[in-house]
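The values are calculated or read from the model by the stated rules, or taken from the named source; none is laboratory data. Computed from a prediction, not measured in an experiment: that's the story for all the values here. Here the Cβ positions follow ideal geometry from the backbone for every residue, glycine too, while neighbour counts run over all protein chains shown.
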Amino acid sequence: MHESERKLPNNYREIPLPFNRSQMYVITSSKTPGDGTVPVESLGTICRNSEIKSVLATGVDHQGAYDVSSLKDIKDRPALQFTLRAIVKMVQEIPIP
């Protein structure tokens with residue numbers, strides 16, 4: 001199936017999965033609280049996914065926590081430390097050909 005054939009009208013998107021299954025994602029506006037960029041129901045969706053290996057919630061300004069204009073204070077920036085650690089862990093799991 002060509003990439004353009006997988007796009008559905010409006011804001012729907014169907015993603016093919018193994019065994020002739022598919023998953024449809026719908027982008028909707030959130031009416032619930034969150035951290036300024038991520039709605040609270042996103043955490044529930046993440047926690048229900050069996051492929052997620054770890055979850056960490058931090059009480060920080062989400063968008064501001066990822067400002068990388070300077071990394072001199074990285075030891076005081078747990079969100080950045082966690083993100084970098086997670087990226088390293090994911091890369092380490094990639095099999096070497």
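Restricting attention to the range 61-97, report how many residues are without any contact (Cβ under 8 Å) to a residue 24 or more places away in the chain and either among the hydroxyl-bearing types (S, T, Y) or not in a helix (DSSP H, G or I) (or both).
The number of residues fulfilling the criteria is 15.
Among the residues of the range 54-97, write down those that are surrounded by 10 or more Cβ atoms within 10 Å (Cβ to Cβ), closer than 30 Å to Q23 by Cα and at pLDDT below 75.
Across the range 54-97, the qualifying residues are L56, T58, H62, Q63.
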